[in-house]
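Some notes on the structure that comes next.
The values are calculated or read from the model by the stated rules, or taken from the named source; none is laboratory data. Please read all numbers here as calculations on a predicted model, not as lab measurements. So basically every Cβ, Gly included, is an ideal-geometry build from the backbone, and we count neighbours across all protein chains shown.
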Amino acid sequence: MTSLPDSSSQSTESLPLLYSGKVRRMYRYAPGQILMVATDNISAFDFVLDTPIPDKGKVLTQLSLWWFDQLKDVVENHVLSTDVPAEFAGRGIIVEELDMIPVEAIVRGYLTGSGLAEYKRSGTVCEIPLPDGLTDGSKLPQPIFTPSTKAEIGLHDENVSFEYVVGQLGEGLAEKLRDVSLAVYSKAEEIARERGIILADTKFEFGLRKDGTIVLGDEVLTPDSSRFWDAETWAPGGPQPSFDKQYVRDWLSKESGWDKGSDVPPPALPDEVVAATRERYLDAYRRLTGKELDV
């Protein structure tokens with residue numbers, strides 16, 4: 001592994017921007033190394049909203065670091081260092097450059113969201129047959145791997161079958177991706193449940209080293225990439241109170257008057273929605289890690 005440069009001499013002015021996504025920016029830090037920075041941006045329905053959520057970037061970064069540590073015996077991760085330029089303190093990580101697998105590795109332990117919509121139509125999720133009689137919030141007989149495509153900003157991810165992934169990646173890599181995703185979810189679900197949180201579903205992103213090793217990358221098990229429910233109040237049959245950005249999705253789709261099927265961008269979030277969303281992110285961090293976020 002190459003050595004890390006001195007972070008005190010680095011800034012956005014001296015680092016080439018490699019990628020600017022919905023929430024993250026990637027900078028070239030050194031050969032084979034990337035500075036990954038989480039902003040306070042929030043996205044919903046594949047739009048980046050105009051209104052940021054204060055401290056959200058720190059929650060995503062610090063919670064991901066906590067999870068990477070919890071999961072290190074299950075899968076290797078891309079973190080090299082948290083010694084980053086001062087302007088990125090708390091929200092930046094130095095990570096290794098990987099060949100990212102072009103599939104969203106989604107695992108569901110409970111039925112809701114787009115999985116529920118498909119189930120109502122066909123009794124399946126990503127073409128996996130499920131028992132009759134399930135409802136919104138139902139616990140599945142066992143967690144299922146339900147991959148999706150990776151869409152560009154402004155476009156929608158699409159749920160796909162495992163057979164589709166095999167066609168894209170080959171059978172061997174597709175099976176490894178499925179198996180490691182289920183293993184990571186199983187460990188994380190157990191950890192979250194011990195802390196009174198249900199991990200309903202989550203999205204992982206994996207990359208490959210040159211030797212073919214699968215490595216967990218991007219963020220992991222944050223309120224952006226997961227649905228977190230309160231175990232004490234969980235009751236199948238309808239939407240569940242959550243510790244994630246579902247609160248923003250609900251406001252946009254139910255109260256804002258915005259038509260998510262139109263080409264019109266979402267409206268700005270009111271102050272009370274911003275404050276309530278920020279508190280949900282902080283509460284998720286607090287409950288899972290057992291400590292307050294250093295803001």
Query raised in the report: Tally time: how many residues in region 240-272 are of a type in the set (G, A, S), surrounded by 17 or more Cβ atoms within 10 Å (Cβ to Cβ) and touching a residue at least 12 places away in the same chain (Cβ under 8 Å)?
Result: 1
Query raised in the report: Quick one: would you say V84 is among the aliphatic types (A, V, I, L, M), crowded, with 19+ Cβ neighbours inside 10 Å and within 15 Å of the chain's Cα centre (by Cα)?
Result: no
Query raised in the report: Which ones in region 150-175 are at pLDDT 90 or above and surrounded by fewer than 17 Cβ atoms within 10 Å (Cβ to Cβ)?
Result: S161, E163, V166, G167, Q168, G170, E171, G172, E175
**Report entry** Top-ranked residue of region 61-81 - restricted to ones that are of a type outside the set (D, E) and assigned to a loop (DSSP other than H, G, I, E, B), ranked as surrounded by the fewest Cβ atoms within 10 Å (Cβ to Cβ)
**Finding:** K72
Query raised in the report: Conditions: (1) at pLDDT 95 or above; (2) over 20 Å from F47 (Cβ atoms). R278 meets all but one. Number of the miss?
Result: (2)
**Report entry** The lone exception for G133 - which of (1) under 18 Å from R227 (Cα atoms); (2) without any contact (Cβ under 8 Å) to a residue 24 or more places away in the chain; (3) assigned to a loop (DSSP other than H, G, I, E, B) it fails
**Finding:** (1)
**Report entry** Close pairs from region 92-103: first under 16 Å from K150 (Cα atoms), partner at pLDDT 95 or above and not β-branched (V, I, T), Cβ under 6 Å, at least 6 apart
**Finding:** D99/G207; D99/L208; M100/G207; I101/F206; V103/P147
Query raised in the report: What is the one condition in (1) modelled with pLDDT of 95 or more; (2) more than 25 Å from R286 (Cβ to Cβ); (3) not aromatic (F, W, Y) that E87 does not satisfy?
Result: (1)
Report summary line: The condition of being buried (at least 16 other Cβ atoms within 10 Å of the Cβ) and in contact (Cβ under 8 Å) with a residue 60 or more places away in the chain holds, among G237, G207, G196, only for G207
Query raised in the report: If we keep just the residues of region 105-130 that are assigned to a strand (DSSP E or B) and more than 21 Å from the chain's Cα centre (by Cα), which is nearest to R249 (Cα to Cα)?
Result: T124
Query raised in the report: Looking at region 20-41, which of the residues that are hydrophobic (A, V, I, L, M, F, W, C) and farther than 11 Å from L60 by Cα is surrounded by the fewest Cβ atoms within 10 Å (Cβ to Cβ)?
Result: A30
Query raised in the report: Among the residues of region 273-283, is any surrounded by 13 or more Cβ atoms within 10 Å (Cβ to Cβ) and part of a loop (DSSP other than H, G, I, E, B)?
Result: no
